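Worksheet: the structure to be examined is printed underneath.
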Amino acid sequence: MNVEKLEELISKAEMLHKDFERLFLKLYEYANQDYFKGISEVILKLHELSDEKFETASQIYKVLASVGGNLEKTGRELQKNEHQMRFRIEEIITLLGHSKGSFSEKLKTKAALQRLFQFHRIYDYSVTQTLQKLSAEIDSLIFISEKEKKSPTSIIERLKKIEDLEEKLNTLTTFVFHIYSHPSWVHKVEESLREWHSKGLLWVESRNVEQNTGIDRVHVAQILEGLTLIGIVEKKKRGGESVYKLRGFGED
C-alpha cells in the first residue's frame with residue numbers, strides 16, 4: 001500500500017469536506033428565505049463538489065480494499081456516505097427543474113430539502129469522524145514505520161491478523177451469547193439449513209433462514225457465522241452475499 005499516496009488522498013478529502021460544509025451553510029440560509037434561485041446556484045456547486053468528494057472517497061477505498069479488515073470497512077463507509085449525499089443532491093436538482101411552475105412542485109422541493117438537511121446532520125458527523133480515524137491510522141503507520149525501519153506493508157499485515165482475530169473473537173462471543181440466551185434459535189437455524197437442503201437448495205442465504213424460522217436476519221447471520229467458526233457450517237460468497245450450508249451436505 002502506498003501510504004504517502006493515501007495520506008494525500010485523505011488530506012484532499014478533508015479539504016473538500018471543509019469547502020462542502022462552508023457552501024452547505026449557504027443552502028440552509030437560502031432555504032430559510034425560500035430563495036429558489038440561490039438554492040439552485042448553491043445546489044449545482046454542491047453537486048460539483050460532491051462528484052469530486054465521491055471520486056476521492058472511491059480512490060481511498062480502492063487503496064484500503066487491498067488492506068482489508070477495519071481499514072477497508074472504514075473506507076467503504078466513507079464511499080457510501082459520499083454516494084448517498086450525491087444521490088440526495090441530484091434529487092434536489094431534478095425537482096428544482098420543475099419548482100418554478102406550480103406551488104405543489106415547490107412544496108416537493110422543500111420536502112426534499114428537509115430530507116437533505118436531516119441526512120446532512122448524520123453525514124457531516126460520519127464523514128468527519130471517518131476522516132479523522134483514517135488520518136490517525138495513517139499517522140500511526142508512518143510513525144511506526146520510521147521508528148522500526150519496517151515497511152508499511154509488513155505492519156499492515158500484522159494489523160490485518162490482529163483485526164481478523166478480533167473479528168473472530170467477537171463472532172464467537174456473540175454466538176455463545178445466543179447459545180445461552182436463545183438455545184432454541186441455534187437449533188432452529190441448523191434445522192432450517194437442513195430443511196432447505198432437503199428441498200434442493202444447497203447454499204442458503206440468511207433471508208432464507210429468516211423466512212422459515214421467524215428469527216431476525218441479523219441474529220440469523222450471527223448464529224450462522226458462529227456455526228461456521230466452529231466448523232458445523234460452511235460459508236462462501238455468491239453475488240456479494242454470504243451463503244451457507246451444513247458441512248458434508250452435497251457437492252459444490
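The values are calculated or read from the model by the stated rules, or taken from the named source; none is laboratory data. Every value quoted in this text rests on a predicted model; they were computed, and no experiment measured them. In this analysis, Cβ positions are derived from the backbone assuming ideal geometry, glycine residues included, and neighbour counts consider all displayed protein chains. Please note that ligands, DNA and RNA were not included when accessible areas were found on the heavy atoms of the full protein model with its side chains. Shrake-Rupley method; radii C 1.70, N 1.55, O 1.52, S 1.80 Å.
Seen from every direction in turn and averaged, the convex hull around the alpha carbons of the stretch 3-149 projects onto 8.7 nm².
Computed from Cα atoms, the angle from the helix 36-65 axis to the main principal axis of the chain rounds to 30 degrees.
Roughly speaking, what is the stretch gain from residue 41 to residue 129, that is 0.36 nm per residue apart minus the C-alpha to C-alpha distance, in nm to one decimal?
Gain in length upon complete extension: 28.8 nm.
Using a probe of 1.4 angstrom and keeping all protein chains present, the accessible surface of the stretch 173-252 works out to 57 square angstrom per residue.
The relative contact order of the stretch 3-149, computed from alpha carbon pairs under 8 Å that lie at least 6 residues apart in sequence, is 27 percent.
Extending 7 Å from Cα along the Cβ direction at residue 238 and again at residue 11 yields two label points whose distance is 4.8 nm. The residues of the stretch 3-149 expose on average 56 square angstrom of accessible surface per residue, using a 1.4 Å probe on protein heavy atoms. Between the Cα long axis of helix 183-198 and the first principal axis of the chain there is an angle of about 80°, rounded to the nearest 10.
Computing the accessible area with a 1.4 Å probe over protein heavy atoms, can you report the carbon and sulfur percentage for the chain? Let's see the in-between values first.
Details: 7720 of 14590 Å².
So the carbon and sulfur contribution to the accessible surface is 53 percent.
In the structure shown, the pairs 26/110; 199/237; 199/245 are assessed against 18 Å; a Cα-Cα span above that value is assigned to 199/237.
With all protein chains in place and ligands, DNA and RNA left out, the 1.4 Å accessible area ranks 34, 124 as 34, 124, largest first. Positive end of the dipole of the stretch 3-149 (Cβ unit charges, origin at the Cα centre): among 61, 112, 122, the Cα lying farthest that way belongs to 112. Rounded to the nearest 10 degrees, the angle from helix 152-181 to the longest Cα principal axis of the chain is 70 degrees.
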